[in-house]
Amino acid sequence: MFIQDDEKVLMAIRKLVLTIVLCACWAGPLEAQERMSRAQALEDIRYVINSLEEIHPDPYSAFGGMLEFKRRFQELLDLVPEDGLAAAEIYELLRPLFGKLSDGHTYISSPPATGPARASRYLPVRFGIATDAVFIESTTGDYEGLIGGRLIEVEGQSVERAAALATTVFPAENRFGAERWLVRYLASNRGARRLFPHVGDTLSVKLRTIDGELLETHLPYKLDREAYRGGEWTARRWDAITDHSGPFSWQFIERSNVALMRVGSIVGREAFEELKAVGRKDLEEQLAGFYRRYMDEPLPESIDEAIAAVPCFTLAVHDLLTAMSERQSEYLILDLRGNGGGWSSLLTPFLLLTYGDQYFNYDYPVTFVTRISPSYLALNGQTLEEFNAEVGSDFAIGDYRFMEERSLAAATNRDEYAAELESYGCGLADYFRGLEGRAVYTPKVAVLVDPATFSAAYHFVYRLWHLGAKTVGVPSAQAANAFVDVTPFQLPHSRLEGSIARTAQILFPDGGDQGRALMPEFPMAWRDFERYDFDQHSELRYAVDLITSGSMR
């Protein structure tokens, strides 16, 4: 009897807490949002439960096991009121559960803003991340004196506590991921209210200035979206290089004869040809996103035409290495800052043309584990029988496919890659065959990284690191031992969207600190950014100085 009464009291408390949280986080036009019936809300929550169990390699461990996972979701089901929920309320119920997974590839997105919430305002400062601080890296003119100021507290909370709050809104895999999301949410008043519901027109912060003074101030949310994204910002920017807006570009830093390749996204014609070859259902959607971001022309109606206009990553790498060979440029700086990933198969052109058979012959201690699910098969338009025929196995739904990378005969791999090059239409297949395993040119490589170097970009860093490249900057938000490969979902009634990882990657079998965050050989602390006057290319300038001083060897 006492146990039952205690459970009733506990459930009543949880319902009260839920009501308070929902009212605080979504103060505003909830009454204008369409409400789903209780049955529909329950169906949406069960859809999430079932999808996680069907797709994710391990949804249980983060909760302490299957029973606790089931308990947490049962509590959510019990909290749904008789009059149902709006989409925003379902999101508020579910997001802490996704945060608990600490998986940057498994998340649920907030619903579109409605009513007054749509008019977000933005801060006149932008934050950067060092290995030991969050700091102001650029401002509008009125706030130039704050550049370099270290964030000590926000809304009365320490940076560590505020970053932990950010992980309840979007999952993070390590400390740098938590700070990455903190910085993103603080940028707008709508984002900040996800962490601090009472935030109004200003953000209360405590800063340690570059002079060492402690400054408490209120930063106003005064900029509209356009001004924040494209307005005039006071920021130091090294004038020795030219910035490009494409997915990849290269140039020489003339003062040092060092080559620089900027890779903003792991994407190129090769990736779209692969998607087309396997019949991916989201090919047109992927192409449309690429054209919006990188192309100065509308997406052609013909898929073949659209793919043919996308630049080849392989060709760009070939041209870069050829030019480096001609100039005997010893060092290449590969800039992967801000690179959120793309298609890991595009790493092959760079690694083969740069390292030749050394890349094939290297044994990476890598294991990928993918759960076979209907959603995974549907993504490539395959039946289970077709999948088994392709991989030469007899998997059943729910089985796990363990794939350990091991070096194979280089000649066999070369032939396979040459055939792939022919299918890409990049024009280098015969040239590649003629190399017979040699590299076009093998420079010493330095890789620039930051917390936004994620997913396929992290894979790039990892492989280059094994092959002797040196890393410079701030660790990635990506953990080496984590979950990857997204499978998108949409809830049937609220239409909330998100993704679920379907593969576990184990890049450091022994785990430890490297499994959580791969620290660069040349990390960038706050003092290092200060040395370069908080230039937006501080990592690049540091790398060039390391090279020219001989410290990079």
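The figures follow:
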| quantity | calculated |
| --- | --- |
| Dipole of the chain, positive direction: furthest Cα of Ala396, Pro197, Gly340, with charges on the beta-carbon | Pro197 |
| Positive-pole candidate from Gln382, Phe360, Gln286, dipole of the range 271-384, charges at beta carbon | Gln382 |
| Amide proton proximity set for Thr234, modelled H, under 5 Å, gap of 5+ | Thr139, Thr140, Gly141 |
| Top positive-direction residue, dipole computed over the range 190-324 with Cβ charges, set Ile307, Leu223, Leu321 | Leu223 |
| Kirkwood Rh and Cα Rg combined as Rg over Rh, evaluated for the range 118-180 | 0.99 |
| Option label - volume of the Cα convex hull per residue in Å³ computed here, alternatives (i) 176; (ii) 158; (iii) 261 | (i) |
| ³J(HN,Hα) computed for each position of the range 79-92 - Karplus, 6.51 cos²θ - 1.76 cosθ + 1.60, integer Hz, glycine/proline x | 7, 5, x, 5, 8, x, 9, 8, 4, 4, 6, 4, 4, 4 |
| Label zone at Glu232 (point 7 Å along Cα-to-Cβ), backbone N below 16 Å, the range 143-161 | 143-145 |
| Candidate aspartates and glutamates - alpha carbon under 13 Å from Lys70, same-chain residues fewer than 8 apart omitted | Glu53, Asp78 |
| Phi to ³J(HN,Hα) by Karplus 6.51 cos²θ - 1.76 cosθ + 1.60 over the range 323-333, Hz, x for Gly, Pro | 5, 5, 4, 5, 8, 6, 7, 6, 10, 10, 9 |
| Candidate aspartates and glutamates - alpha carbon under 13 Å from Lys222, same-chain residues fewer than 8 apart omitted | Asp142, Asp201 |
| GluC sites (Glu not before Pro) lying in DSSP loop within the range 194-290, provided at most 10 other Cβ fall within 10 Å | Glu213, Glu232, Glu254 |
| Sorted peptide list for 449-459, 301-311, 122-132, criterion being average Cβ within 10 angstrom, highest first | 449-459, 122-132, 301-311 |
| Inter-probe distance in nm under a simple model that places probes 7 Å from Cα toward Cβ, at Arg72 and Tyr400 | 1.9 |
| Where labels lie 7 Å past Cα in the beta-carbon direction, separation of Ala39 and Tyr294 in nm | 4.8 |
| Computed [θ] at 222 nm, deg cm²/dmol, the chain (DSSP H ≥ 4; -39,500 (n - 2.57); rounded to nearest 500) | -12500 deg cm²/dmol |
| Between the range 122-139 and the range 335-400, the alpha-carbon center distance in angstrom | 36 |
| Within the chain: Cβ-based charge dipole about Cα centre, in debye rounded to nearest 20 (Lys, Arg +1; Asp, Glu -1) | 1160 |
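The numbers here are math on the coordinates, done by the rules we state, and not lab data. Small disclaimer: the values here were computed from a predicted structure and weren't measured. Cβ: placed from backbone, ideal geometry, glycine included. Neighbour counts: every protein chain shown.
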